[in-house]
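> Dumping the structure here so I can ask a few things about it.
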Amino acid sequence: MNQWHRYKGLITLKRIVVSLVVLGLLGTAALWGLWRYRRGTRWAGVVPTPLPVTQVPGLADRFDFPLDPTRFGPYLPYISSPFAIDTRFGVQNPGVGQEGKCFVDRQGKAVPFAQLYHAGEDWFGLNSNGQIQGRAAAGEPVRAVANGVVTWIQALGNAGYVLIIEHTTLTDTVWSVYWHIADIQVAQGEAVTLGQPLARVHDQGFNSHLHWEIRTFADAQEIFPDDSAGGRGRCNGYVAGVGYTWDDDPERAKPEAWGYLHPSEFVTAHQE
Ligand SMILES: [Zn+2]
């Protein structure tokens with residue numbers, strides 16, 4: 001083999017190595033894309049077609065929790081984790097590391113997340129000591145809190161879906177709301193019974209949780225005047241609300257002022 005042949009051989013080797021590296025990168029990118037697709041699109045599932053005629057539900061004579069309260073629950077500050085995180089109803093700044101983008105003030109400026117009041121409860125997976133278990137809630141069946149009829153299902157992109165059920169009790173009508181769910185198993189207009197699986201908790205990694213609400217209104221548009229912060233908080237869709245309340249006027253800043261009820265207290269009071 002003379003010098004020229006050796007040189008040519010090296011060029012060929014270099015080409016093979018470069019080709020392998022490029023193919024490897026392309027393959028990795030394709031796998032990553034497929035993983036994102038399965039996680040974001042396929043896993044959140046397809047919503048069943050709404051029923052042409054709305055079914056008549058049974059009376060909501062009894063309520064129960066959407067997840068097993070011995071295995072799931074909200075963050076309690078310094079108890080569920082070493083941090084001040086509190087995801088109960090009515091607290092300000094229930095989480096960390098998120099930006100306020102759902103509410104704007106009268107000048108159109110975004111209100112910081114830390115100022116919003118939590119209009120529901122965020123339930124995560126807990127261990128037997130009541131400590132948060134990262135992803136444990138992901139995939140867990142979410143159950144109807146009472147007899148009722150499904151009135152609303154909406155996609156929230158990477159945050160799964162939100163679903164609303166209307167419940168007629170002996171004295172009132174209330175609505176239960178389930179955020180960050182996937183794999184919806186019921187249709188809009190379908191009557192559901194207490195404990196019936198509706199969907200699963202959406203896989204959001206360590207943040208996998210069910211945000212659930214009990215409230216005295218169906219459509220947020222009906223209760224938030226346009227001049228209020230509630231009216232200006234529309235980023236997740238108007239009917240569902242945005243899961244938080246806030247206002248320049250402290251009198252109407254908290255969720256109770258808008259007709260949100262304390263979910264756990266409501267269920268406990270209506271379990272029998
Ligand atoms: Zn929440």
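The values are calculated or read from the model by the stated rules, or taken from the named source; none is laboratory data. Remember, it's a predicted structure, so these values are computed and weren't measured experimentally. Because the Cβ atoms are built from the backbone with ideal geometry, glycine has one as well, and the counts that use them run over all protein chains shown.
> Taking the residues in the range 243-263 that are modelled with pLDDT under 90 and assigned to a loop (DSSP other than H, G, I, E, B) as candidates, determine which candidate is surrounded by the most Cβ atoms within 10 Å (Cβ to Cβ).
Checking each candidate, the answer is Asp248.
> Shifting gears a bit: Hey, Pro69 hits all of (1) in contact with a helix residue (DSSP H, G or I) (Cβ under 9 Å, 6 or more places away or on another chain); (2) closer than 17 Å to Leu261 by Cα but one; which does it fall short on?
Evaluating Pro69 over (1) in contact with a helix residue (DSSP H, G or I) (Cβ under 9 Å, 6 or more places away or on another chain); (2) closer than 17 Å to Leu261 by Cα leaves (2) as the failure.
> Sticking with this structure for a sec: What number of residues in the range 197-216 are surrounded by fewer than 18 Cβ atoms within 10 Å (Cβ to Cβ) and under 19 Å from the mean Cα position of the chain (by Cα)?
Matching residues across the range 197-216 total 4.
> Also, I was wondering about something else. Being under 15 Å from Thr245 (Cα atoms), among the small types (Gly, Ala, Ser), assigned by TED's automatic domain parsing to the domain that holds Phe217 and in contact with a strand residue (DSSP E or B) (Cβ under 6 Å, 6 or more places away or on another chain) is true for just one of Ala137, Ala119. Which residue is that?
Ala119
> Which numbered condition in (1) assigned to a loop (DSSP other than H, G, I, E, B); (2) of a type in the set (A, V, I, L, M, F, W, C); (3) over 21 Å from Phe72 (Cβ atoms) is the only one that Val174 fails?
(1)
> Those residues that are among the small types (Gly, Ala, Ser) and either over 14 Å from Ile214 (Cα atoms) or in a strand (DSSP E or B) (or both), I need them from the range 111-127; list them, please.
Ala114, Gly125
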